[in-house]
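Asker: A single structure is presented below for examination.
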Amino acid sequence: EVVNTNDYLDMIVNDFQLSLDSESIKIYKNITVNKEISIDKFYFTTAILNILENAVKYGKEGLEIHISAKIKHNFTISIKDNGIGIPKKQQPFLFDKFYRVGNKEVHNVKGLGLGLYYTHQIIKAHKGNIFVESEENVGSTFTIKIPLK
Ligand code: ATP
Ligand code: MG
């Protein structure tokens, strides 16, 4: 299904913002792309929402989420939070089925450890890649890249 990158991301981010019951979460958008791309809209949206939901679930007081998107050789979307972060040692396992980080901040939050597993599967089905950069107590950035053709 062909979507306009700008309209599509605007729609996801607006819907997500409306679904939050906290008004203290700040969401910033920097989308400098306006192009038609082909995605499976239902699945791709699920992938993005899993990342946004995690940013909220593993966020802290004063949560800010920055969403940016650009197109060069790929369509690149970055979602950055200033939440609890993920220890370096656990980062390689984040996309494994049922994986959750074993610290107490995470155990206080419900989850199955499936969100990022599905997200990774969906991005792979789009012939893309997903990466994480994260630092404990600083925050995390998830970056998705999908080829334009
Ligand atoms: P589910 O998504 O199935 O409800 P979940 O959120 O635990 O459960 P994933 O979304 O796959 O599972 O995330 C895996 C683990 O990665 C989480 O349990 C958490 O430890 C860590 N994690 C994911 N996103 C973040 C984030 N933005 N900040 C800090 N930790 C994160
Ligand atoms: Mg999750």
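Asker: Within the range 132-143, is there a residue that is of a type in the set (Gly, Ala, Ser) and either more than 16 Å from the chain's Cα centre (by Cα) or outside any strand (DSSP E or B) (or both)?
Answerer: No, there is no match, as no residue in the range 132-143 is of a type in the set (Gly, Ala, Ser) and either more than 16 Å from the chain's Cα centre (by Cα) or outside any strand (DSSP E or B) (or both).
Asker: If a residue must be without any contact (Cβ under 8 Å) to a residue 60 or more places away in the chain, more than 10 Å from ligand 1 (Cβ to nearest atom), surrounded by 12 or more Cβ atoms within 10 Å (Cβ to Cβ) and not in a strand (DSSP E or B), how many such residues does the range 98-131 contain?
Answerer: Final tally of qualifying residues: 3.
Asker: Considering only the range 76-85, I want to know if a residue exists there that is outside any strand (DSSP E or B), at pLDDT 95 or above, surrounded by fewer than 14 Cβ atoms within 10 Å (Cβ to Cβ) and touching a helix residue (DSSP H, G or I) at 6+ places or on another chain (Cβ under 8 Å).
Answerer: Going through the range 76-85, the residues outside any strand (DSSP E or B) turn out to be 82-85.
Pick out the ones that are also at pLDDT 95 or above and you get 82-85.
Narrowing the set further to residues that are surrounded by fewer than 14 Cβ atoms within 10 Å (Cβ to Cβ) leaves none.
No; the residues of the range 76-85 include none that is outside any strand (DSSP E or B), at pLDDT 95 or above, surrounded by fewer than 14 Cβ atoms within 10 Å (Cβ to Cβ) and touching a helix residue (DSSP H, G or I) at 6+ places or on another chain (Cβ under 8 Å).
Asker: Run down TYR43, TYR28 and say which single residue is under 14 Å from GLY139 (Cβ atoms), within 16 Å of ligand 1 (Cβ to nearest atom), within 16 Å of the chain's Cα centre (by Cα) and of a type in the set (Phe, Trp, Tyr). Can you show your working first?
Answerer: Values: TYR43 fails: under 14 Å from GLY139 (Cβ atoms).
Sole residue among the options that is under 14 Å from GLY139 (Cβ atoms), within 16 Å of ligand 1 (Cβ to nearest atom), within 16 Å of the chain's Cα centre (by Cα) and of a type in the set (Phe, Trp, Tyr): TYR28.
Here's the yes/no breakdown for (1) under 13 Å from the mean Cα position of the chain (by Cα); (2) farther than 24 Å from LYS29 by Cβ:
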site: LEU52; (1), (2): yes, no
site: HIS73; (1), (2): no, no
site: THR76; (1), (2): yes, no
site: ASP96; (1), (2): no, yes
site: GLY111; (1), (2): no, yes
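The values are calculated or read from the model by the stated rules, or taken from the named source; none is laboratory data. Quantities reported herein were computed from a predicted structural model and do not represent experimental measurements. Don't worry about glycine lacking a Cβ; one is built from the backbone with ideal geometry, like all the others, and counts go over all protein chains shown.
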